[in-house]
Structure formats: structure tokens, C-alpha cells
2 protein chains.
Amino acid sequence: MKEFKVTPIRNGTVIDHIECGMALKVLRIIGLDGDNVQSPVSILMHVPSKKSGWKDVLKVEDRELDPKDVDKIALIAPKATINIIRDFNVAEKHNVRLGDVVKGKARCSNPNCITNLREPVEPEFNVESKNPPVLRCLYCDRILDNIADNLI
Amino acid sequence: MKEFKVTPIRNGTVIDHIECGMALKVLRIIGLDGDNVQSPVSILMHVPSKKSGWKDVLKVEDRELDPKDVDKIALIAPKATINIIRDFNVAEKHNVRLGDVVKGKARCSNPNCITNLREPVEPEFNVESKNPPVLRCLYCDRILDNIADNLI
């Protein structure tokens, strides 16, 4: 089955240690879940992890991530590591990182929150816990349900 | 990058020669696009094809496909080949195949078609062309728009 030799990439990004089941959501964050894929992308789901149990992995050629995308990935896959590959080498390796406040990256899941009422108020959350991420709305004090589906 | 060695699978299915951009839709057909992945799954998008240009590939461990799923795959990826792997060997290899009639696998995209009006009528289409698939409703005579989103 020669087709499945996944060869090293020259330039691109490997997102490793994604929480199982989250790879397709990360793919959506970086905008590669439609018909717009122009370079090779590999997605491995539910593969063994040396660190712990199982993980998902995403490998995207010819693409470096936007820092804003990295922040969003931290919200749904807080253990993920980002490896930037340049000329076949890992040029940068870092963990995703969640700050103490999340601003403008997710909408509040409370439909009556002022941030959802056509007011010019940017949604903002305090990070109560980082792994798993727990976000509390600064305006209506509610815990954000289902972060992945509420990303902006 | 050891993590990306995609090792051969003992038992499972490889769906090869999927039309570019269709891998995630095939994944949805076989029901592995949610949090329900229990065995390793590899998805390769936009990789070079020896046959022609680019292709997507899907590799699913510990899973053989339901014939009904294979018929649906034929509707969105008519050039796909299915390889059933047993004990590290390709035990079966076949092309997906579209018959002359498609019954009960897609809904008509015409909201006023009798098949969409709570009548006990199963949607049925004549296959006017196989590659790309063009389906004409037996009841309202309309060509089915956007097959992938109208699969049942």
C-alpha cells in the first residue's frame, strides 16, 4: 500500500497531541474543511500517543498558522503542540497557550447576553480553567457551553 | 517526525482515488466525522495520484464498509476504489459502482416534489450520467442539485 507512506514535508505545520475527536474541528478553525484544499493535508485520528492514550494529529503542507488560529486551537485542544517545518526541519515548536482572558474569539452561548443583542460589545471571557478550558462570560457571568461550536 | 509514519493496517478498509475535496464527505457517509472514532483513521487530502492529478484517500482500521455506504460513496466519488484489508493483505479490491437507478439513498432537492410532501413515497432517481453522477428524479423530473448534501 505505497499510497500510505506519509513522506516528510518540506514546509508546513504539524499540529500534534490534539485531543481525540478534535482534529476535524481544528481543521475547521484553520479553514481547510471545504473544497479549498490546495496542498497536501494529512489527518490522523485516534492514533496511539506516547504521552498518554490516544491523540489526533494534523499535518498541513505549505502553510504556517495565523496566531489567531493558534489561540482558537488552544480553546478546543489545550494540549496541542505546533511544529513549524521549514526545509524539512522543525524550525519552531511550541505549545498552544491560553491566556487569562479570551476576547473576540468566541461568542457567548447565552442568547440574551448583551454581546448577542446587536450592541457593539465584543464578547470576552475570563478563563477559569485551562485544561479543559472553562470560560466565563465577562458580561452575563455564564459558563460558555460547547466552545468548539461557538468560535468566531 | 516519527508520529507520521502511517503503518500498514491489519484489518480495515482503504478508500482510494477519492475525488479531491470529497474525503470529509465520504467520512460523513461512513459515520466517522464526529466524536465516535474508536480505531485509527487516516485522511489524506490533495495528494498526488499516479492515475491523474490529485486525489484524497481514507484509511479506516477495524472496519469493513456496509454495501449501502459503498453505493453512497459512488454518488459523490465515482472513481473511488475500495480495498478491504484482512491480516495485512488486500483481501478484496473493487471499484465503487453506480447502477442505473438510485433508490432511497438521496432526497430530491425540489421541496415541492411528492417525495418531500409527507407521502409514503421513497425517493428514486434515474442515473443519467455516472461520472460525474447526474441523477434525475423519477417523480418530478428535476436534476438533483448537490448530491453530497442530499444523501439520506
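Could you please let me know if residue B:56 is of a type in the set (D, E, K, R), free of Cβ contacts under 8 Å to residues at least 24 places away in the same chain and at the interface with chain A (Cβ under 9 Å from one of its Cβ atoms)? The answer is no for residue B:56. Could you check region B:18-29 and list, in sequence order, the residues that are out of contact with any strand residue (DSSP E or B) (no Cβ under 6 Å at 6 or more places or on another chain), free of Cβ contacts under 8 Å to residues at least 40 places away in the same chain and either surrounded by 19 or more Cβ atoms within 10 Å (Cβ to Cβ) or among the small types (Gly, Ala, Ser) (or both)? Scanning region B:18-29 gives B:21, B:24, B:27.
Select from region A:135-148 the residues that are within 10 Å of residue A:76 (Cα to Cα) and surrounded by fewer than 16 Cβ atoms within 10 Å (Cβ to Cβ) and list them in ascending order.
Result: A:146, single match.
If we scan region B:30-51, do we find a residue that is of a type in the set (Ser, Thr, Tyr), within 14 Å of chain A (Cβ to nearest Cβ) and either buried (at least 18 other Cβ atoms within 10 Å of the Cβ) or in contact (Cβ under 8 Å) with a residue 40 or more places away in the chain (or both)?
yes
Contact map, region B:2-15: first residue at pLDDT 60 or above, second residue assigned to a loop (DSSP other than H, G, I, E, B) and basic (Lys, Arg), Cβ cut-off under 7 Å, separation 6 or more or different chains; pairs are B:12/B:63; B:13/B:63.
Filter region A:76-91 for residues that are in a loop (DSSP other than H, G, I, E, B) and over 11 Å from the mean Cα position of the chain (by Cα) and give the result. Before you say what the answer is, go through the steps one by one.
Residues of region A:76-91 in a loop (DSSP other than H, G, I, E, B): A:77-80, A:87-88.
Correct list: A:87, A:88.
Residue B:119 meets each of the listed conditions (1) modelled with pLDDT of 90 or more; (2) loosely packed, with under 12 Cβ neighbours inside 10 Å; (3) more than 30 Å from residue B:38 (Cα to Cα) apart from (1).
Going by the conditions given, is residue A:73 of a type in the set (A, V, I, L, M, F, W, C) and assigned to a strand (DSSP E or B)? It is false that residue A:73 is of a type in the set (A, V, I, L, M, F, W, C) and assigned to a strand (DSSP E or B). Looking across region A:92-115, the residues that are of a type in the set (A, V, I, L, M, F, W, C), surrounded by 12 or more Cβ atoms within 10 Å (Cβ to Cβ) and not in a loop (DSSP other than H, G, I, E, B) come down to A:102, A:106, A:114.
The values are calculated or read from the model by the stated rules, or taken from the named source; none is laboratory data. For clarity, every value in this text was computed on a predicted model and none was experimentally measured. Cβ sites come from the backbone with ideal geometry, for glycine too, and all protein chains shown count toward neighbours.
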